[in-house]
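What follows is calculated from the coordinates using simple rules that are stated; it is not laboratory data. Because the structure is a prediction, the values reported are computed rather than measured. Because the Cβ atoms are built from the backbone with ideal geometry, glycine has one as well, and the counts that use them run over all protein chains shown.
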Amino acid sequence: MIAQKSVERILDTARIDEVVADFVTLRKRGANLLGLCPFHTEKTPSFTVSPAKNLFKCFGCGRGGDTVKFLREHEGFSYPEALRFLAAKYQIEIEETQEQRRDDPEEILKDQLFVVNQYARDYFSKQLFESEDGKGLGLSYFKERGFRESILKKFDLGFAPTSGSALTIHAVHEGFRAEILQQAGLSTTHNRDFFRERVMFTIHGLSGKPVAFAGRILGKTAKGPKYINSPETPIYHKSNVLYGLYFARQAIRREDNCYLVEGYTDVLSLVQSGIENVVASSGTALTAEQIRLIKRFTPNMTILFDGDAAGLNAAMRGLDLVLEQDMNVRVVVLPDGQDPDSYLSALGPEKFLHFLETERKDFILFKTSQLLKQSKNDPVARTQVIKEVVKSISRVPDPIKRGEYIKVCSQVLQVEEALLIAETNKLVAADIQKNNRDRERQERREDIQTTSPDPTLPTAETKPEKHPPQELDLVRILLTGGDKIIQVGDEEYSVANYILRELEEEVIQEFKSPLLRTIMLDFMDRIEKGNSISPKVFLQHPNEDIRNLTIRFLSPDYQYSDNWEERYQIVLHTQRMPEDNFARDAQLALQRYQLHKLDHLCEMNAQRIKEAFEAEDEEQYLHYLKFQQELQTLRNNVADQDLNTVILK
């Protein structure tokens, strides 16, 4: 596992603004950075990055955290994967401890698959550039297509040799287990290479790691499918990957547009010609996950279609899915018989780019004109065209954009606008009803699961722990400012020392929340040993629940706006800024906890009074009654004098 000092170095070095900027377009806003949240759909930026706190926070969906949390939420990384990603970004060497790993077995398998894929990538590359077959077959194929060596190396292209088990033999000799090679899709169950005598395309995940491979057969007379891909594995799900996206991210954000093509060589050709904001669906139908990947970087997509009419119609039928993701979709149709690679070669980069910019058309309007051409004034066919167009318009989430499409399409289709509005509204209402039914069914299933006595089903105990608010408030103050120095009377204390001095260990052991009790005792232990108690320590805590709680407190739902002082010259005169008011916060939190404990004691003693009365034990009854009066007096004094709280019972 990763040594703790390596973890600390990684987290100390990683800057939240630099990490998030690789995935989200950010703009300066006062001391913070602002952008559109990558975790939910929004048009007004509410995603805030605080370089000073090294945290992010979305005030729309509520997600927040540090660099590791962002990568885990955004990329689906495990905690170790996120740390390794940051280490690679900042070129930090990771030290491993000799302790037995306690990670989830699935995470260990993922790590092993990444490592074996990296080995295979390097092996295929070496075969392409150094072996006789690789240079004679693979490299000559790429050079005939006009690809320079620089582009081949950038995209990690390679060659799978003709020998039936060459990769498998070499990998096993290097210490890789045959089972891992099989699970990665590199070897068959008979220990033969899955890829043989093919040029190899490495498929990268969004982090740049090789997650899979695609092999193209060589020779017109060769038998077998033209392309074969790695099977799905724990690190490769075809529907979640776009070829070339790792290399295109920055260009897509910079150009605010993503070109989508079908093939691997189309991507290589466009990138080599200077058009870098391009990805490929790799011959598969576009999925919602792939669309959301693109939307992380831009809401604008331009799809390049080959000139084949049958293929064009088939592709258009699946593009309503793109509209559902609130993307701005445009299409470019290439001349018949051309694909992006061949047409780029024919025109040259400048003319090809000019062609893309002048010929791209809005998807819905393009679809409308295409279907009208095919209807040939047949009334029945025109009716079907109208239904198809309305279906596409209804998929657009933005009602204003839907209205604009209806206006334009009513003119193109020569249909009354009111009719299109009515038909569109029917489909929108039907979708809303379906979504509501699906949500209700899901809620019913969750209710059944949380109340089911079946031990194989989740129970109510699996719900997130609800912490007593008084305990939570004390822990909040410790995690956000336990190391701050405050003055109480004539004495100076750290916030943590002051709170823990007032509570004592016996009181902490009575905390109802196990997590909060653990944090309080952790603070006590660190103070006794003279260890750091700064918020950074708990952001890096090995306990994930403690890390998450620290992140939650350091990125609150509400913040004191910079505009009050900068724009309106309104400043706090009666107290310190909220984040610096630890002395008063600590005192009030302790008093609220004391009041909570007194309330609980009053309830317990009231039960004793009731039991003594029912047992006709006059001595005990009077004893508990007197004690209750003392408790209530003490409780009322705390509430009235310290907290200005009115007790109603």
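What the table shows:
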| read-out | value |
| --- | --- |
| For peptides 370-379, 181-190, sequence by mean Cβ density within 10 Å, most packed first | 181-190, 370-379 |
| DSSP H segments from the chain that extend 24 Å or more along their own axis, Cα-based, with Kyte-Doolittle mean of -0.5 or above | none |
| Charge dipole (debye, nearest 20) of the chain; +1 at Cβ of Lys and Arg, -1 at Cβ of Asp and Glu | 3100 debye |
| Rel. contact order, % - alpha carbon contacts under 8 angstrom, at least six apart, the chain | 8 percent |
| Region 133-198: GluC sites (Glu not before Pro) falling in loop per DSSP and having at most 13 other Cβ within 10 Å | E174 |
| Nearest-20 debye value, region 19-93 charge dipole, Cβ charges on Lys, Arg, Asp, Glu | 340 debye |
| Sequence-distant residues sharing a close amide H with I235 (under 5 Å, placed H) | none |
| With eigenvalues of the C-alpha gyration tensor scaled by 5 and rooted, region 23-121, Å | 31, 15, 13 |
| Helix-only CD estimate at 222 nm, as mean residue ellipticity for the chain, using -39500 (n - 2.57) per DSSP H run (n ≥ 4) | -16500 deg cm²/dmol |
| Net charge of Cβ neighbours under 12 Å - reference L344; Lys, Arg +1; Asp, Glu -1 | -2 |
| Computed Rg/Rh of region 584-643, alpha carbon atoms with Kirkwood Rh | 1.13 |
| Over region 4-89, relative contact order from alpha-carbon pairs under 8 Å, at least 6 apart, % | 23 percent |
| Rounded D (µm²/s) - region 104-236, Kirkwood Rh over Cα pairs, Stokes-Einstein at 25 °C, 0.890 mPa s | 165 µm²/s |
| Footprinting exposure proxy for S269, S230, S150 (fewest neighbouring C-beta atoms within 10 Å first) | S150, S230, S269 |
| Partners for K529 among lysines (Cα-Cα distance below 27 Å; same-chain residues under 8 apart left out) | K5, K53, K484, K512 |
| Order of T284, T480, T202 under a 10 Å beta carbon neighbour criterion, fewest first | T284, T480, T202 |
| Region 584-640 versus region 18-90: alpha-carbon centroid distance in Å | 48 Å |
| DSSP-defined antiparallel bridges as percent of all bridges, the chain, nearest 5 | 75 percent |
| Cβ-based net charge around E417, under 14 Å, with every Lys or Arg adding one and every Asp or Glu removing one | -1 |
| F213 long-range amide H proximity, modeled H, under 5 Å | I203, S230 |
| Fewest-first sequence of M524, M604, M327, M200 by Cβ atoms within 10 Å of each Cβ | M604, M524, M327, M200 |
| From the coordinates shown, Rg/Rh (Cα atoms, Kirkwood Rh) corresponds to which of (1) 0.98; (2) 1.12; (3) 1.06 | (3) |
| Net charge, P397 excluded, C-beta distance under 14 Å - Lys, Arg +1, Asp, Glu -1 | -1 |
| Cα centroid separation - region 122-148 against region 158-232, whole Å | 15 Å |
| Placed amide H near T302: partners under 5 Å, 5+ positions off or other chain | C258, Y259, L260, R330 |
| Charge-dipole axis of the chain as Lys and Arg at +1 and Asp and Glu at -1 on Cβ define it, positive-most pick from T48, F142, L631 | F142 |
| Selection from Y343, L33, V331, by position along the positive dipole direction of the chain (Cβ) | Y343 |
